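Notes follow once the structure below has been shown.
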């Protein structure tokens, strides 16, 4: 390969996504060079089993509420109609996430959406216009995202 055909030996833009392992690290989302944090956490087998059971028994279930983190479990019980012991791990986990998000957002209340979906709600690329959002998938493949380094923003408009 001749020198003019070789790729330039200069570093490309760095990723603006960061990986974190603890809730306290979520505050890093406020750093200028960060546009997404991926929290590496394990659901554990009991929470996974409970989530899968809810998904299979409550197709189309939707919880969409604004509340304080300490109110999440009650709202989940109201939305599902399940006995408390069948959703207690899920409720505790969502409450934990809501509390972490409220700290990062400096908010007293947060909007919680929990949906049991049987389809992909967003099959194409879109630009998220929220200032701050936390996503968590309990069952299924999860949310796919594109790293900033691989985006051509002019083509997304």
Failed criterion for residue 38 (all others in (1) under 24 Å from residue 21 (Cα atoms); (2) touching a strand residue (DSSP E or B) at 6+ places or on another chain (Cβ under 7 Å); (3) touching a residue at least 40 places away in the same chain (Cβ under 8 Å); (4) loosely packed, with under 15 Cβ neighbours inside 10 Å hold): (3)
Subset of the stretch 108-127 [surrounded by 12 or more Cβ atoms within 10 Å (Cβ to Cβ), modelled with pLDDT under 95 and part of a loop (DSSP other than H, G, I, E, B)]: 116, 117
Residues (loosely packed, with under 12 Cβ neighbours inside 10 Å, in a helix (DSSP H, G or I) and touching a helix residue (DSSP H, G or I) at 6+ places or on another chain (Cβ under 9 Å)) located in the stretch 53-83: 70
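The values are calculated or read from the model by the stated rules, or taken from the named source; none is laboratory data. All values reported here derive from a predicted model rather than from experimental measurement. Every residue, glycine as well, gets a Cβ built from its backbone with ideal geometry; the counts of neighbours run over all protein chains shown.
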